[in-house]
Amino acid sequence: MKRAARLNAILDLLAADGEVNVDELVERFGASAATTRRDLDSLAEQRLLTRTHGGAVAHSVAYELPIRYKSHQRSHEKESIALAAAALVAPGMVVGLSGGTTTTAIAAALAARDDLAAGTGITVVTNAVNIAAQLATRPDIKVVVTGGVIHSRSYELVGPFVEQLLRGVRLDIAFIGVNGMDAAAGATTQDEREAAVNRMMAERARRAVVVTDSSKIGTVAFAAVGGPELFPLLLTDGGADAAALAAFRDAGYEVLTA
């Protein structure tokens, strides 16, 4: 196996399992232990994993993994959230979808809705090019893609062109993915450009919903998006801590668990 393919395969394993060790990688890929350690060191230098004695872990990375390496993480929870989110959408609605793995799952759930084809269809406005591509083949879903500069880690379009388009549309509902959700700090992301787009998309919606799996509850990321005044509804999975959810309700959020 060539080195580039091996590095991608290591990241895929890390996304699926949360950790890898040198001995297992040697057995799987046939490279020497020294070569495998160099592979892990190289990925650590790119801040795509954290090295440990004998291997590496994903849960403490300081840098956000590219979206394709996160797609297998907590997939059951994200699918549950996606089904609950899709149930909030009625035929004829204009739906905003930010980028992220949870919103990508929502796009898949919307595409699977047979009743949309029988009705008037829906319009999806998104700044995520992977979501646009995912929905492009559905004739019952009109897809509107914002302009902007593509963010290589999240496939999201960011910048003033995005904001220019969003100023000209109105959304019935917007589903916004985040990197952190805290009762006091509100919704946050790792990137200030993504936060700005998420905030404007939420502002253009009659109803804005934060969608996040329970692992991000209580976490605060770098850039603020907004609190209960912007997001009246928090949608998460059933694994969220009851006390944490009570704190959100006390702060003014409506909380829905899937």
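Between the residues S98, A251, T50, the greatest Cα displacement towards the positive end of the dipole of the chain, with unit charges on the Cβ of Lys, Arg, Asp and Glu, is found for S98. Between the beta carbons of A87 and T120, assuming R0 = 30 Å, the FRET efficiency works out to 0.95 to the nearest 0.05. Quick one: longest stretch of the chain between exposed loop trypsin sites (Lys or Arg not before Pro), exposed meaning at most 15 other C-beta atoms within 10 Å and loop per DSSP? With a cap of 15 other Cβ atoms within 10 Å, the longest stretch comes to 48-166. Looking at the square roots a ≥ b ≥ c of the eigenvalues of the Cα gyration tensor of region 84-124, which shape do they give, rounded for a/c under 1.5, prolate if a/b is larger than b/c, or oblate? The shape class here is prolate.
Take the Cβ atoms of M1 and V169, set R0 to 45 Å, and the FRET efficiency comes out at 0.45.
If you restrict to DSSP beta bridges whose two residues both lie in the chain, what percentage is antiparallel, to the nearest 5?
Details: 16 of 42 bridges.
Restricted to the chain, the bridges split so that about 40 percent are antiparallel.
Only the coordinates and a few stated rules stand behind these numbers; no lab work does. Not measured: the values here are computed from a predicted model. Because the Cβ atoms are built from the backbone with ideal geometry, glycine has one as well, and the counts that use them run over all protein chains shown.
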